[in-house]
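> Right, I'll just put the structure down here and ask away after.
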Amino acid sequence: MVRVCLVFFVLGMLLLESAMGQRRVVPQGGVTSGRAALNALWRNPVFQKELVGSYGIKADIEPGFTEEERVYHDEIVNLMQDDPDQAIAALKEITAIEGVSPRFEFLLGNVYFQEDEKALAIEHLLKAIDAFPTYREAHKILGTLYVDAERPRDAITHFTKAIGLGAASHVLYGLLGFAFVGTERFVEAESAFRMALILSPSGPQSTNWKQGLAQALYNQEKFDEMVSLMGNMIAEKPSERLLWEMQASAYLRDEQYLEAAKNYEMMDALGMGSPELSKQAALIYAQEGLYDLAADTYLRAYRNGTAGEVEGPLQAAEILMDREAMDQARRLLTEVRAMAGSDLEDKDMAKLLRLEAKMSETEGELEGARDLLVRVVDLDPIDGKSLIMLGGIYQALGEMEKAGFQYGRAANLEEFEAEAKTRHAELLVADGQFAEAIPLLKRAQEIDPKVAVGKFLEDLEDYVKRRR
């Protein structure tokens, strides 16, 4: 008893010193988190108040204390806001007393929570629960800390315990939803976020719960529901880039590609666009056969991008050429030449020349294609794709020896060996050199077996045997 009185006397002196000394303001930042959906919550003073603002006694779900403890408890609650360091020093003295109310461990955990000392906050809140297992408020704060610490299973344990003890708030259910997302329990996450929205007043926090709900719907492939939800949110906040992107992702997963492209175009019109989004829209247009629109959008992305970045439009031109949209591909290649000119790096110039050669070949201009490809392989002697193309051009021009030489060069490159040997074998067969083609086809099949090549090899071997 003497020790108890002495400790409370020391506490009283600490409180007096704090009242007379310089007080510092408690930072409003709260617990910080790297996850975008939770950042705003940790910084929100209303959120902090809901988490740590209840210090009254609730029978059966929170421990009580003696009248003497009550006096110091109330003093410390006030001190926590004005001078957390003094509050921590006082609470360390009190919690060292055997048999003292677990409410002081709870207070100490809350001060550490305010001071962003998460590990210490968890330690003392666990002590409070060990002493009083049905401590509802302690379970709530622990769940919150475990969400921030990316320990979702522990968060679920304490949140569900708090709910079982009668807790019900939009913050609790919203954070429980994020914990369920963290364990990929998306059905439960959806239910938790819906409860949070039922209990939530309108405001920034309800936006967080809606975004969490959208994530839960996305992972359950409930794309129609997600699209509808994001549409309502966009109507409320059309300047929020994330909302447009989330809705676009749902459209893509639901194979509503043109709807996704519309989102990208709307973002561009609202000043939230980027070259990357324009490229995504253009790729969708190309896939859907809207080649003029694809070319226009690719060009816009190129013109709005960083000077000298030609990989995108060159790749786009290749995509359009694969879809036989030659006029649109030519527009892209012409634009690259006009904008980049002689500033192109060798690798980009080589790709540009190869694409121009492919276009010339398609249009029957074999000599022009040959001349362009010769320039390519001079720039990049290990460009296997261009070596094989050049071999094909020489073969079409009837220059078999030169064609075989280019196929041989390409065959020395591991990535292109199988294709080059197959093409070389076809060349030899066309020239009547049947036996010489067989080992090339066998090697190609060892590297990359193909049904058609295998059948060709089998027929060729039978033919050679019959000729003997």
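The values are calculated or read from the model by the stated rules, or taken from the named source; none is laboratory data. Keep in mind it's a predicted model, so treat the numbers as computed, not measured. So basically every Cβ, Gly included, is an ideal-geometry build from the backbone, and we count neighbours across all protein chains shown. Quick note on the areas: whole protein, heavy atoms, side chains included, nothing else; ligands and nucleic acids left out. Shrake-Rupley method; radii C 1.70, N 1.55, O 1.52, S 1.80 Å.
> Of everything in the range 234-275, what is open to solvent by 70 Å² or more (accessible area, probe 1.4 Å) and among the aromatic types (Phe, Trp, Tyr)? Give them in sequence order.
Within the range 234-275, Tyr257 is the sole residue that qualifies.
> Since Thr362 meets every condition but one in (1) modelled with pLDDT under 90; (2) crowded, with 22+ Cβ neighbours inside 10 Å, which condition does it not meet?
(2)
> Pick from Gly231, Gly177: which is at pLDDT 90 or above and surrounded by fewer than 20 Cβ atoms within 10 Å (Cβ to Cβ)? Spell out the reasoning first.
Numbers: Gly177 fails: surrounded by fewer than 20 Cβ atoms within 10 Å (Cβ to Cβ).
After applying the criteria, what remains is Gly231.
> Across the range 87-117, what is the number of residues that are assigned to a helix (DSSP H, G or I) and either open to solvent by less than 60 Å² (accessible area, probe 1.4 Å) or touching a Ser or Thr at 6+ places or on another chain (Cβ under 9 Å) (or both)?
Residues meeting the conditions: 19.
> Something else: Is it true that Thr160 is hydroxyl-bearing (Ser, Thr, Tyr) and under 30 Å from Thr66 (Cβ atoms)?
Here the answer is no, as Thr160 does not meet what is asked.
> Report whether or not Lys402 is more than 27 Å from Ala329 (Cα to Cα), in contact with a helix residue (DSSP H, G or I) (Cβ under 6 Å, 6 or more places away or on another chain), of a type outside the set (S, T, N, Q) and open to solvent by 70 Å² or more (accessible area, probe 1.4 Å). Please lay out each step first, then the result.
Working: more than 27 Å from Ala329 (Cα to Cα): yes; in contact with a helix residue (DSSP H, G or I) (Cβ under 6 Å, 6 or more places away or on another chain): yes; of a type outside the set (S, T, N, Q): yes; open to solvent by 70 Å² or more (accessible area, probe 1.4 Å): yes.
Yes, satisfied.
> Can you tell me which residues in the range 433-444 are of a type outside the set (A, V, I, L, M, F, W, C) and in contact with a helix residue (DSSP H, G or I) (Cβ under 6 Å, 6 or more places away or on another chain)?
Glu436, Arg443
> Can you name the number of the only condition in (1) loosely packed, with under 15 Cβ neighbours inside 10 Å; (2) out of contact with any Asp or Glu (no Cβ under 9 Å at 6 or more places or on another chain); (3) of a type in the set (Asp, Glu) that Asp448 fails?
The number of the failed condition is (2).
> Now for a separate question. Please enumerate the residues belonging to the range 130-139 that are of a type outside the set (S, T, N, Q) and open to solvent by 20 Å² or more (accessible area, probe 1.4 Å).
Asp130, Ala131, Phe132, Pro133, Arg136
> If you check Gly166, Gly99, Gly64, Gly109, which single one turns out to be without any contact (Cβ under 8 Å) to a residue 12 or more places away in the chain and more than 32 Å from the chain's Cα centre (by Cα)?
Gly99
> Please go through (1) open to solvent by less than 50 Å² (accessible area, probe 1.4 Å); (2) within 19 Å of Ala87 (Cα to Cα) for Phe159 and return the number of the only condition it doesn't satisfy.
Here Phe159 clears every test but (2).
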